[in-house]
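The values are calculated or read from the model by the stated rules, or taken from the named source; none is laboratory data. Note that the structure is a prediction, hence the values are computed from the model and not measured. Cβ coordinates were reconstructed from backbone atoms using ideal geometry, including for glycine residues, and neighbour counts include every protein chain displayed. Note: accessible area is taken over every heavy atom of the protein model, side chains too, but ligands, DNA and RNA are not part of it. Shrake-Rupley method; radii C 1.70, N 1.55, O 1.52, S 1.80 Å.
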Amino acid sequence: MTNIYGIILHGGAGRYRLFTKEFVEKRKRELRRAALYAFEELKTGSALDAVEAAIKYMEDSGLFNAGKGSSLTITKEIEMDAGIMDGKTLKCGAVACVKNIKNPIKLARLVLEKTDHIFLAGPGAEKVAEILGMKIEPIKITPEKIRKFERVFKLWLEGKWGTHLFRLKTLYKDFIEGTVGAVAIDKDRNIAAATSTGGYSLKLPGRVGDTPLVGCGFYADNSAGGASATGVGEYLTLIFACKTACDFMRQGVSAMKAAEATIDILTRRFGPHTGGIITVDPMGRIGFAYNTEGMGKSIMTSYMGEPAVAVFPEEDHIILKSIKK
Ligand code: ASP
């Protein structure tokens, strides 16, 4: 198993069939391109550079709920969260509730590289971004985002949309957002993980989900593995989803079995339609699991000729047959 390197990405878990077929295909194309883009980085660079590149690509795409494509809060604002972790050093950087940063993952990387802290939030995080030379620019609230907001807000008024803990159970049964995540292993066997989101629609202002919380929305440790999660952030946080998956892998459990065991815990505690996870173990094996209708994912490794992409369970064999288990 020497010299295996690769990356797995996700583009969110949820009810994908709510989208048109064309939109699902568009997302799949973007997942494939993001995997290729990040894999180029991985050929010569580090796992950390590769996961940052993958997330930046998807934040800029506008097709996912991260960066440019972020969903709106109940007060019609954009509040983005992101986190990144280097499994070699356990260095980690995260930001929450940022509004005017084109690429929250780049700011998270700067927190990791340039500060003594792990996690910066809100206006303070943006002030640090400015000091560190990042441009402050609001994310556009497009007519399309307003239309989505109004559609979901109507459901909320009818009591069919959960933004309170007891109603969250059905959130991803009936809906899909599109948080983005990446986990990679490089030629030096270093593992890194990163996740970015606008959070789900109609979240309360100031709400922070699992995405920027280390161990919940992302985690990487060379001696255990790496993971990135998506789904109902409150539930993923309560089970420390990514640290849980890494703890399984630390015991020698494969990436695939660790992902399945973690989602099994999520389902048993909080029910189906609550989330998904992607994983990489120190042997370079790749895993994923989800309890929603679908989860967008793409994979590219040093032993594959081209990326494999799948959304629905019936397509997952495309990925399964291209990865070593
Ligand atoms: N986990 C994200 C959050 O709760 C949302 C998602 O993954 O769709 O903010």
(Q) Cβ-Cβ distance below 9 Å, separation of 6 or more or different chains: which pairs start in region 141-169 with a residue that is modelled with pLDDT of 80 or more and end on one that is part of a helix (DSSP H, G or I) and surrounded by 14 or more Cβ atoms within 10 Å (Cβ to Cβ)? (A) 141/149; 145/69; 155/174
Q: Name the helices (runs of 4 or more DSSP H) wholly inside region 90-206 in which the number of residues that are under 27 Å from residue 28 (Cα atoms) and acidic (Asp, Glu) is 2 or more.
A: 143-157
**Q.** Among the candidates 225, 275, residue that is open to solvent by less than 30 Å² (accessible area, probe 1.4 Å), more than 30 Å from residue 21 (Cα to Cα) and in contact with an Asp or Glu (Cβ under 9 Å, 6 or more places away or on another chain)
**A.** 225
Q.
Just checking, does region 185-200 include any residue being within 16 Å of the ligand (Cβ to nearest atom), modelled with pLDDT under 95, within 29 Å of residue 261 (Cβ to Cβ) and open to solvent by 60 Å² or more (accessible area, probe 1.4 Å)?
A. no
Q) In region 1-18, what residues are away from the ligand (no atom under 14 Å from the Cβ) and either in contact with a Leu (Cβ under 8 Å, 6 or more places away or on another chain) or touching a residue at least 60 places away in the same chain (Cβ under 8 Å) (or both)? A) 1, 3, 4, 5, 6, 7, 8, 17
Q.
I'd like the full set of residues that are modelled with pLDDT of 95 or more and either open to solvent by less than 10 Å² (accessible area, probe 1.4 Å) or away from the ligand (no atom under 14 Å from the Cβ) (or both), limited to region 201-213.
A. 209, 210, 211, 212
(Q) Any residue at all in region 52-69 that's touching a Pro at 6+ places or on another chain (Cβ under 9 Å) and not in a helix (DSSP H, G or I)? (A) yes
Q: Taking residue 265 as the residue in question, decide whether it is touching a Cys at 6+ places or on another chain (Cβ under 9 Å), surrounded by fewer than 24 Cβ atoms within 10 Å (Cβ to Cβ) and either β-branched (Val, Ile, Thr) or at pLDDT below 95 (or both).
A: no
Q | Failed criterion for residue 100 (all others in (1) away from the ligand (no atom under 16 Å from the Cβ); (2) crowded, with 18+ Cβ neighbours inside 10 Å hold) | A | (2)
Q) So which of 74, 55 is surrounded by fewer than 23 Cβ atoms within 10 Å (Cβ to Cβ), within 14 Å of the ligand (Cβ to nearest atom) and not small (Gly, Ala, Ser)? A) 74
Q.
If the requirement is being within 16 Å of the ligand (Cβ to nearest atom), open to solvent by 50 Å² or more (accessible area, probe 1.4 Å) and closer than 18 Å to residue 27 by Cα, which of these qualifies: 306, 293?
A. 293
Q.
For region 218-245: of the residues being of a type in the set (Phe, Trp, Tyr) and outside any loop (DSSP other than H, G, I, E, B), which is farthest from the ligand (Cβ to nearest atom)?
A. 219
